[in-house]
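*Asks:* Provided herewith is a single structure, encoded as structure tokens, for subsequent inquiry.
The values are calculated or read from the model by the stated rules, or taken from the named source; none is laboratory data. Since the model is a prediction, treat every value here as computed from it, not as a measurement. Positions of Cβ are backbone-derived with ideal geometry, glycine not excepted, and every protein chain shown enters the neighbour counts.
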Ligand SMILES: [Zn+2]
């Protein structure tokens, strides 16, 4: 379902132009961990030399522990369950019930990715409560349209992580 649309192309450009290719979130974690271990702030040299994985699209939206945790928290918050999120469905989307429900499901997944991306650009770890509040508000605004309101229970069922 993922097409070669503008948003992915934008991501590619951002990745190409980035000087530091290391994962933003992993870098924050590793810096904190090492600073705690050393009992002091890291020097710029030490920061540059951190052993952190590269920030590929797959990493920043899925493989990164921070991203995975954010996705899981969102799914569990909306779906009201605790469990694992299906990678393919989250990244690529899936066909459910009808066209409107499929679109709405994918819109919410895109929205979660968009939020993670904004935090990455700001170089801060995602604030889960803030993302959850934003999704909640998105769903409230969707409910203003009767046709979409009826879809929400179906969507919520899809957003239930697999236990
Ligand atoms: Zn990472």
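*Asks:* Against the condition at pLDDT 95 or above, outside any loop (DSSP other than H, G, I, E, B), within 13 Å of the ligand (Cβ to nearest atom) and out of contact with any strand residue (DSSP E or B) (no Cβ under 7 Å at 6 or more places or on another chain), how does residue 37 come out, does it pass? Give the derivation first.
*Replies:* Numbers: at pLDDT 95 or above: yes; outside any loop (DSSP other than H, G, I, E, B): yes; within 13 Å of the ligand (Cβ to nearest atom): no; out of contact with any strand residue (DSSP E or B) (no Cβ under 7 Å at 6 or more places or on another chain): yes.
Here the answer is no, as residue 37 does not meet what is asked.
*Asks:* When you go through (1) surrounded by fewer than 15 Cβ atoms within 10 Å (Cβ to Cβ); (2) out of contact with any helix residue (DSSP H, G or I) (no Cβ under 6 Å at 6 or more places or on another chain) one by one for residue 152, which number turns out not to apply?
*Replies:* Every listed condition holds for residue 152 apart from (1).
*Asks:* Being under 13 Å from the mean Cα position of the chain (by Cα), away from the ligand (no atom under 16 Å from the Cβ) and either farther than 23 Å from residue 27 by Cα or at pLDDT below 90 (or both) is true for just one of 155, 108. Which residue is that?
*Replies:* Details: 155 fails: under 13 Å from the mean Cα position of the chain (by Cα).
Going through 155, 108 in turn, just one is under 13 Å from the mean Cα position of the chain (by Cα), away from the ligand (no atom under 16 Å from the Cβ) and either farther than 23 Å from residue 27 by Cα or at pLDDT below 90 (or both): 108.
*Asks:* Let me ask something else about it. Quick one: would you say residue 6 is at pLDDT 95 or above, more than 16 Å from the ligand (Cβ to nearest atom) and exposed (fewer than 12 other Cβ atoms within 10 Å of the Cβ)? Spell out the reasoning first.
*Replies:* Values: at pLDDT 95 or above: no; more than 16 Å from the ligand (Cβ to nearest atom): yes; exposed (fewer than 12 other Cβ atoms within 10 Å of the Cβ): yes.
When the stated conditions are applied, residue 6 does not pass them.
*Asks:* Something else: I'm checking my understanding of the structure. Among residues of region 51-60 that are within 12 Å of the ligand (Cβ to nearest atom) and assigned to a loop (DSSP other than H, G, I, E, B), which one is farthest from residue 22 (Cα to Cα)?
*Replies:* 56
*Asks:* Going through region 77-99 one residue at a time, which ones are away from the ligand (no atom under 16 Å from the Cβ), modelled with pLDDT of 85 or more and in a helix (DSSP H, G or I)?
*Replies:* Selection gives 88, 89, 90, 92, 99.
*Asks:* Among the numbered criteria (1) part of a loop (DSSP other than H, G, I, E, B); (2) at pLDDT below 95, which single criterion is violated by residue 125?
*Replies:* (2)
*Asks:* On the given criteria, is residue 74 away from the ligand (no atom under 13 Å from the Cβ) and within 14 Å of the chain's Cα centre (by Cα)?
*Replies:* yes
*Asks:* Filter region 122-135 down to the residues that are loosely packed, with under 12 Cβ neighbours inside 10 Å and free of Cβ contacts under 8 Å to residues at least 24 places away in the same chain and list them by number.
*Replies:* Filtering region 122-135 down to residues loosely packed, with under 12 Cβ neighbours inside 10 Å leaves 122-123, 129-130.
Listed by number, the residues that qualify are 122, 129, 130.
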